[in-house]
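Engineer: Here it is, the structure in full.
The values are calculated or read from the model by the stated rules, or taken from the named source; none is laboratory data. Treat the numbers as computed from the prediction; the structure is a model and nothing was measured. Because the Cβ atoms are built from the backbone with ideal geometry, glycine has one as well, and the counts that use them run over all protein chains shown.
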Amino acid sequence: MKLYSKIRGLSLLLLWIILSAGCKSNVPEAMQFQVNPDLLGARQRDTLLEVTYASPIGFMTSTNEQAIRQGAMSQADEGVEIRAVYQNDASQAFMVISAITEERWEQLSSSSGQEAFSSAVWTNMNAAAYGYKNFDVRQWLLQNQEWINFKLIFKTEKDRFFQLDYLLPSSEYNEQTAKAVESSIGSFNSF
């Protein structure tokens, strides 16, 4: 229980940034991210989604079939096509990028997140909506005693839709990890 309290406290930094944008109206407010290039890996490009991004440092492209299955554990929903899986071998954390259908975007963006992700798996859920650069974003922080999942869905100006998951073992989550995830989210750009 002590570890869970520590994790919850550490996640407040990133959660506060995300939730401080609020969603008092139907138009999400703009969000700003602190992007530290020293916490990021090499810049990547996805031509289908028309985005560039960087994973947190230490996350490598995973070709391991088992890692892809584990990283896809929250991707089993219809309307999701995994585009890339990055794994940190030391922490067993994952970053998963998936193309999603407009229907999935509509379903999740109209939901509070409590209904969309309510299950016996997650014991703590928080949701936020915001604008970032030219993206419309919905984000959920999902937690249990073993895992933390930052789940985001994006809609671009060109009506491209994608989902981003950072799956982190609770035992490996700390302030440095929170800053690396924030930097990675902030690295997304359309082209």
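Engineer: Considering segment 142-191 alone, what residues qualify as being out of contact with any Phe, Trp or Tyr (no Cβ under 7 Å at 6 or more places or on another chain), farther than 22 Å from ILE57 by Cα and in contact (Cβ under 8 Å) with a residue 40 or more places away in the chain?
Structural biologist: LYS158, ASP159, ARG160, PHE191
Engineer: I'd like to check something: does segment 110-132 contain any residue that is aliphatic (A, V, I, L, M), out of contact with any helix residue (DSSP H, G or I) (no Cβ under 8 Å at 6 or more places or on another chain), modelled with pLDDT of 95 or more and part of a strand (DSSP E or B)? Can you show your working first?
Structural biologist: Pass one, segment 110-132, residues aliphatic (A, V, I, L, M): 116, 120-121, 125, 127-129.
Of the ones still in play, those that are also out of contact with any helix residue (DSSP H, G or I) (no Cβ under 8 Å at 6 or more places or on another chain) are 120-121, 125, 127.
Cutting the leftovers down to modelled with pLDDT of 95 or more gives us none.
No: segment 110-132 contains no residue that is aliphatic (A, V, I, L, M), out of contact with any helix residue (DSSP H, G or I) (no Cβ under 8 Å at 6 or more places or on another chain), modelled with pLDDT of 95 or more and part of a strand (DSSP E or B).
Engineer: Would you mind listing the strands (runs of 3 or more DSSP E) fully within segment 1-88 where at least 2 residues are modelled with pLDDT of 95 or more and in contact with a helix residue (DSSP H, G or I) (Cβ under 7 Å, 6 or more places away or on another chain)? Spell out how you get there, then give the answer.
Structural biologist: Values: elements: 40-46, 51-56, 80-88.
The strands (runs of 3 or more DSSP E) meeting that bar are 51-56.
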